[in-house]
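The values are calculated or read from the model by the stated rules, or taken from the named source; none is laboratory data. No experiment lies behind these values; they were computed from the predicted model shown. As a convention, Cβ positions derive from the backbone with ideal geometry for all residues, glycine included, and neighbour counts pool all protein chains shown.
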Amino acid sequence: MKILRHTPEFKPSEVVVAEEVIDGCLKDPVNSGYYTLVAEDGSGILGYISYGPTPLTEGTWDLYWEAVAQEIRGQGIGSALMQAAEEEIRKAEGRLALIETSSTPAYEKTRRFHLGLGYEIIARIPDFYSPEDDKIILQKRLR
Ligand SMILES: CC(C)(COP(=O)(O)OP(=O)(O)OC[C@H]1O[C@@H](n2cnc3c(N)ncnc32)[C@H](O)[C@@H]1OP(=O)(O)O)[C@@H](O)C(=O)NCCC(=O)NCCS
């Protein structure tokens with residue numbers, strides 16, 4: 001939660017939802033439909049990723065949230081988390097990973113991060129989050 005609260009890209013209302021997703025996973029790891037992986041070293045948690053199967057689909061998974069502590073970004077931790085999540089999804093016979101993100105300049109680096117990991121932009125919903133803040137949907141085929 002400390003990492004989430006210190007991630008400037010996230011609005012306070014988004015942090016609340018991100019926390020609900022983590023709580024869901026902790027309360028019922030088997031049936032909640034939410035999975036969480038953390039990256040850690042001897043000093044504590046460095047970042048995390050939440051993901052889960054998309055309800056009513058066969059083999060489609062959503063990557064819901066990811067954050068790496070701001071002062072240690074750009075060192076490969078986010079990529080390692082994404083790859084670990086993709087590996088778990090493949091093991092669960094997942095075939096398609098989806099990410100929804102914002103079009104604002106604050107997410108420019110995040111978009112580059114996802115594109116660099118092989119995700120492609122497949123849809124854009126104009127003014128979705130707010131006027132001039134589009135929803136961008138990225139996808140990667142995992143098998
Ligand atoms: C996106 C995020 C998880 C990436 O984690 P990370 O540990 O910085 O990523 P990596 O070090 O594995 O990858 C760095 C790559 O991502 C990009 N990147 C994204 N944000 C970056 C940042 N703040 N600093 C440096 N590189 C960043 C760079 O293009 C870099 O590519 P390169 O290695 O070819 O130069 C992290 O920057 C973050 O927490 N961002 C804010 C929250 C967010 O946008 N979450 C995702 C949407 S829910």
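What the table below lists for this structure:
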quantity	calculated
Residues within the range 45-74 that are near the ligand (Cβ under 8 Å from one of its atoms) and out of contact with any strand residue (DSSP E or B) (no Cβ under 9 Å at 6 or more places or on another chain), tallied	1
Residue in the range 17-29 that is in a helix (DSSP H, G or I), within 14 Å of the ligand (Cβ to nearest atom) and not aliphatic (A, V, I, L, M) present	yes
Of all residues making up the range 3-21, the number that are touching a Phe, Trp or Tyr at 6+ places or on another chain (Cβ under 8 Å) and more than 14 Å from Val68 (Cα to Cα)	1
Close pairs from the range 62-84: first in contact (Cβ under 8 Å) with a residue 40 or more places away in the chain, partner acidic (Asp, Glu) and more than 6 Å from the ligand (Cβ to nearest atom), Cβ under 8 Å, at least 6 apart	none
Within the range 76-134, tally of residues that are closer than 21 Å to Leu46 by Cα, among the basic types (Lys, Arg) and in contact with a strand residue (DSSP E or B) (Cβ under 8 Å, 6 or more places away or on another chain)	1
Selection count where residues are under 23 Å from Glu87 (Cα atoms) and β-branched (Val, Ile, Thr), scope the range 6-54	8
Residue match in the range 63-73 (condition: within 16 Å of Thr36 (Cβ to Cβ) and among the aromatic types (Phe, Trp, Tyr))	yes
The range 84-109, residues that are more than 14 Å from Gln139 (Cα to Cα), near the ligand (Cβ under 9 Å from one of its atoms) and polar (S, T, N, Q)	Ser102
Filter result for Gly33 (surrounded by 11 or more Cβ atoms within 10 Å (Cβ to Cβ), more than 9 Å from the ligand (Cβ to nearest atom), over 27 Å from Arg124 (Cα atoms) and among the small types (Gly, Ala, Ser))	no
Unmet criterion (only one of (1) modelled with pLDDT under 95; (2) surrounded by 15 or more Cβ atoms within 10 Å (Cβ to Cβ)) for Gly42	(2)
